Number of protein chains: 2
Amino acid sequence: MNVAFVNPFITSTIKTFKTMLGVDVAPGKPLIKTDLQPTYDVSGIIGLSGEAQGAIALSFSESTALKVVSGMLGIELTTIGMEVTDGIGELANIIAGFAKQDFRDFSLSISLPNVIVGRNHRITSPSGSPTIMVPFNGSIGLFCMEVSLKTK
Amino acid sequence: MNVAFVNPFITSTIKTFKTMLGVDVAPGKPLIKTDLQPTYDVSGIIGLSGEAQGAIALSFSESTALKVVSGMLGIELTTIGMEVTDGIGELANIIAGFAKQDFRDFSLSISLPNVIVGRNHRITSPSGSPTIMVPFNGSIGLFCMEVSLKTK
């Protein structure tokens with residue numbers, strides 16, 4: 001995976017949080033995921049295909065997921081129900097949708113999102129397809145993006 | 001979602017288990033996933049996009065995932081490590097790859113698989129996009145397929 005492929009997803013995440021939540025989020029240093037296996041409570045996953053193939057996941061602790069979707073909807077949510085899973089899926093959809101427009105050398109299409117709910121789950125990609133992790137920080141808390149993308 | 005869309009995935013799952021594991025698996029009655037929220041330990045997820053948009057997940061208990069990948073590799077695995085996540089991802093990839101060839105009215109492309117590991121996780125799809133669940137049973141145990149697919 002070309003490390004530069006992660007940049008459209010970083011830009012899109014910053015823009016989406018600013019537009020939809022009015023919140024600034026700052027990316028940390030992108031890391032190639034190796035033995036590091038961070039765990040999450042709520043993850044929005046979208047597949048990427050077309051002239052390249054990959055996937056993107058946006059992953060949150062339960063408390064951050066609640067804050068994010070509460071901010072999107074302007075109501076205070078306290079449990080992980082359908083509002084939250086729909087909200088995290090929509091967020092992943094918007095971020096992937098913006099990002100795909102920035103790939104000039106190949107066209108990408110995006111799948112429907114799935115949202116995983118489960119305390120301390122982890123996400124793996126095929127071991128031959130490196131995944132880049134980008135931690136984000138902001139007033140809503142920490143969250144993580146994982147991107148894998150390979151050209152054919 | 002057209003319920004018939006699930007048939008290529010059922011056929012492909014039966015064929016893949018027979019070919020790769022020498023095991024017969026039988027589908028139960030497909031159900032539209034509503035409030036039912038089954039939980040899983042290991043799930044392989046692949047996004048579908050192109051002229052339709054969706055996702056497919058193959059979900060297992062820990063013990064069934066171990067049996068499945070042990071059967072694929074011909075060795076006995078006892079812990080959920082990279083062999084198992086790669087194996088479940090590859091299985092999802094083969095099943096989605098066979099199934100997409102059966103859609104004549106539109107073309108589908110498939111993403112890279114992600115494999116989720118986490119005791120008792122659940123998978124949600126956007127609430128506007130119905131998901132069909134198909135339970136499977138065989139000598140390797142029970143597992144479940146979840147398919148969402150909508151034409152544009």
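The values are calculated or read from the model by the stated rules, or taken from the named source; none is laboratory data. Just so it is clear, the structure is predicted and the values come from calculations on it, not from any experiment. Positions of Cβ are backbone-derived with ideal geometry, glycine not excepted, and every protein chain shown enters the neighbour counts. For accessibility, only protein heavy atoms count, side chains too; no ligands or nucleic acids. Shrake-Rupley method; radii C 1.70, N 1.55, O 1.52, S 1.80 Å.
The table for this structure:
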item: Cα centroid of the stretch A:47-86 to Cα centroid of the stretch B:116-152, whole Å; result: 19
item: Pseudo-label separations to other copies for A:Ala26 - Cα-to-Cβ vector, 7 Å, nm; result: 6.1
item: Normalised alpha carbon radius of gyration of the stretch B:1-144 [divisor 2.2 N^0.38 Å]; result: 0.99
item: Whole-percent carbon and sulfur share, accessible surface of the stretch B:28-104, 1.4 Å; result: 52
item: Cut-off 13 Å between beta-carbons: net charge of the residues surrounding A:Ile123, Lys and Arg +1, Asp and Glu -1; result: 0
item: Built amide H within the under 5 Å cut-off of A:Ser129, gap 5+; result: none
item: Over 32 Å between alpha carbons, listed pairs A:Lys18/B:Lys100; A:Lys150/B:Lys67; A:Lys29/B:Lys150; A:Lys100/B:Lys18; A:Lys67/B:Lys67; A:Lys15/B:Lys152; result: A:Lys18/B:Lys100; A:Lys29/B:Lys150; A:Lys100/B:Lys18; A:Lys67/B:Lys67
item: Calculated over the protein assembly as shown: convex hull of Cα atoms, volume per residue (Å³); result: 119
item: Mean shadow area of the stretch B:16-78 over all directions, Cα convex hull, nm²; result: 5.9
item: Candidate aspartates and glutamates - alpha carbon under 12 Å from B:Lys33, same-chain residues fewer than 8 apart omitted; result: B:Glu146
item: Square roots of five times the Cα gyration tensor eigenvalues for the stretch A:62-152, Å; result: 26, 16, 13
item: List B:Glu90, B:Glu146, ordered by accessible area with a 1.4 Å probe, largest first; result: B:Glu90, B:Glu146
item: Net charge of Cβ neighbours under 15 Å - reference B:Asn137; Lys, Arg +1; Asp, Glu -1; result: +2
item: Copy-to-copy label separations for B:Ile75, where each label sits 7 Å from Cα toward Cβ, in nm and ascending; result: 5.2
item: Cα-centre dipole for the protein assembly as shown with unit charges at Cβ (Lys and Arg positive, Asp and Glu negative), debye to 20; result: 340
item: Shielding by other protein chains, B:48-58, mean Cβ within 10 Å; result: 4
item: Closest approach to the A/B rotation axis among chain A Cβ atoms, residue and whole-Å value; result: A:Gly47, 1
item: Within 10 Å of each Cβ in B:82-93, the average number of Cβ atoms from other chains; result: 2
item: Rounded FRET efficiency, nearest 0.05, which uses the C-beta distance separating A:Asn137 from A:Val3 and R0 of 25 Å; result: 0.75
item: Other copies of A:Thr11: label-to-label distances in nm, shortest first, labels 7 Å along the beta-carbon direction; result: 4.3
item: Sum of -39500 (n - 2.57) over DSSP H runs of 4+, divided by residues of chain A (222 nm, nearest 500); result: -10000 deg cm²/dmol
